[in-house]
1. Report the local net charge at Asp72: Lys and Arg +1, Asp and Glu -1, summed over other residues whose C-beta lies under 15 Å from its C-beta.
2. At what distance in angstrom do the alpha carbon centres of the stretch 1-22 and the stretch 47-102 lie from each other?
3. Could you sort the peptides 79-88, 24-33 by per-residue average Cβ neighbour count (10 Å cutoff), highest mean leading?
4. By per-residue mean of other Cβ atoms within 10 Å, what is the highest-first order of 63-75, 101-113?
5. Can you tell me the equivalent ellipsoid semi-axes for the stretch 2-53? Use √(5λ) from the Cα gyration tensor, largest first, whole Å.
6. Using 0.36 nm times the number of residues separating Val2 and Phe39, minus their current alpha carbon distance, what extension gain do you get?
Amino acid sequence: MVWAQIMPFVALHFYEGSNKDALSTILACSATVWLILNFVFFCTIDLDYLNTFFGTMTGPQYTCGVFLASKDDATKFDFAFETRLQYTKSIEAEVKEWVANNIDQWRADKPDWFKLDLIPDEFLPQAVFEAEGAVNRKRRRSSISLREIVGLEEKKVRVHPEN
């Protein structure tokens, strides 16, 4: 954003037209308004979130970090299965282990946040996969090809990876 404010002045330096003074005034006014609005913006936001404007953390890094740091199963479930699955690729083994260790308890307690259909087949332990009859029921798929949608290719039956 700062470069976007600096570059017009650099371009003006190389400009050799008759209205250079007018353009210089317009750019100075524009930059001043930009600075004032940014100051007002940062004064009115919740300062607890100030670091989010200047960090270099990516979405996948944030998702994995929250999953690994959280002690709350609802938060972990949300970040593991209600975000893009590609975001948690680097911690897939930890997610599978966490699901295997807790799924029996979740199925017994049935907490509001627990939705078995959101858990991809490959994350389910073999016993749960077979008990739920995932092969015979419609489960959410992480992807579907355009060829399957238009009927050019037969839908594939998903089989649990441990079979």
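1. Numbers: positive: Lys71, Lys76; negative: Asp73, Asp78, Glu82, Asp109, Asp112.
Net local charge, Asp72 excluded: -3.
2. Each part's Cα centre sits 44 Å from the other's.
3. Numbers: 79-88: 16.9, 24-33: 12.2.
Order by mean packing, descending: 79-88, 24-33.
4. Values: 63-75: 14.2, 101-113: 11.8.
Highest to lowest by the protection proxy: 63-75, 101-113.
5. Values: eigenvalues 195, 28, 3 Å².
That gives 31, 12, 4 Å for the three semi-axes.
6. Details: separation 37, 0.36 × 37 = 13.32 nm, distance 1.34 nm.
This chain segment gains 12.0 nm when fully extended.
The numbers here are math on the coordinates, done by the rules we state, and not lab data. Please read these numbers as outputs of a predicted model, since none were measured by experiment. Note that each Cβ is placed from the backbone with ideal geometry, even for glycine, and that neighbours are counted across all protein chains shown.
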